[in-house]
Amino acid sequence: MSIHLENFKNNLKLRLDDNPQLHGFQTFKKTLERDYFSEVSIRICFKEAAKTENLVIEMDCNLDLLEMLYHLQKGTWGGNLSEEEDLPPNSSFARALDQLQELNEISIDVEEFSLFLNDCSIIVKKIYSNSIKDQLGSILSTIAEHYVYFTKGLSETPFEIYVPVFEDTIPENDYTLSKIREADNQTKDYFGFWGLYFDSEDDAVIYDLSNKSIVSGDLYLLNH
């Protein structure tokens with residue numbers, strides 16, 4: 001099933017609560033706004049009988065993708081960490097989330113993280129418990145490392161990057177795509193294949209990180 005933009009948007013219909021009742025919520029929100037130069041919206045993803053408050057976080061940042069990556073690598077976006085801290089790049093997000101968790105008895109996780117830049121949106125989906133908190137910094141750093149490749153040699157910036165994607169129906173004789181047979185909910189899945197949307201393409205395309213190339217194939221996205 002090939003995922004067109006409109007179908008993709010329809011797959012993201014969540015039951016959301018715009019008024020999270022969490023201790024320290026406003027401090028958490030303000031920390032993200034300060035460290036990421038963004039206007040931040042945070043909602044709760046409602047799930048039946050859930051024992052975890054699953055957050056849907058959206059950041060609206062007035063930077064282009066390349067500008068954001070520049071500040072990320074300089075350490076001036078996402079909060080500065082001292083050299084003594086043994087944390088991956090851009091861990092201000094994880095640190096703020098840990099502080100929020102300390103103030104609340106119920107478990108808190110992030111269901112979906114969206115970063116809306118001037119020319120590109122980055123959507124990251126939860127694939128296991130605390131996956132976004134643990135891997136967001138590494139995902140953003142990997143976007144920087146692969147920028148020249150997924151922009152087609154700097155010729156076109158995708159207007160949306162979706163992390164991660166998995167293959168739905170794979171031709172038996174296609175070796176490249178046969179590596180995406182199933183999601184197994186491990187860290188490596190964030191760094192296998194991403195979905196990209198370009199103005200020049202009618203449908204989403206797959207970016208293969210291991211081969212630093214764009215491949216064709218049918219996508220399946222993580223739905224609720």
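Tabulated values for the structure
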{"quantity": "Close pairs from the range 156-175: first of a type in the set (D, E), partner assigned to a loop (DSSP other than H, G, I, E, B) and at pLDDT 90 or above, Cβ under 8 Å, at least 6 apart", "calculated": "E156/F198; E156/D199; E156/S200; E160/C120"}
{"quantity": "Residue check, L69 surrounded by 15 or more Cβ atoms within 10 Å (Cβ to Cβ), more than 27 Å from H23 (Cα to Cα) and at pLDDT 90 or above", "calculated": "yes"}
{"quantity": "D202 being part of a loop (DSSP other than H, G, I, E, B), surrounded by fewer than 19 Cβ atoms within 10 Å (Cβ to Cβ), under 20 Å from the mean Cα position of the chain (by Cα) and modelled with pLDDT under 95", "calculated": "no"}
{"quantity": "Residue, modelled with the lowest pLDDT, within the range 23-47, restricted to residues that are more than 18 Å from the chain's Cα centre (by Cα) and under 15 Å from I106 (Cα atoms)", "calculated": "K47"}
{"quantity": "Qualifying strands (runs of 3 or more DSSP E) (wholly inside the range 86-196; at least 3 residues being at pLDDT below 95 and aliphatic (A, V, I, L, M))", "calculated": "none"}
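The values are calculated or read from the model by the stated rules, or taken from the named source; none is laboratory data. All figures in this text were calculated on a predicted structure; none of them were measured in a lab. Heads up, the Cβs are rebuilt from the backbone with ideal geometry, glycines too, and the neighbour counts pull from every protein chain shown.
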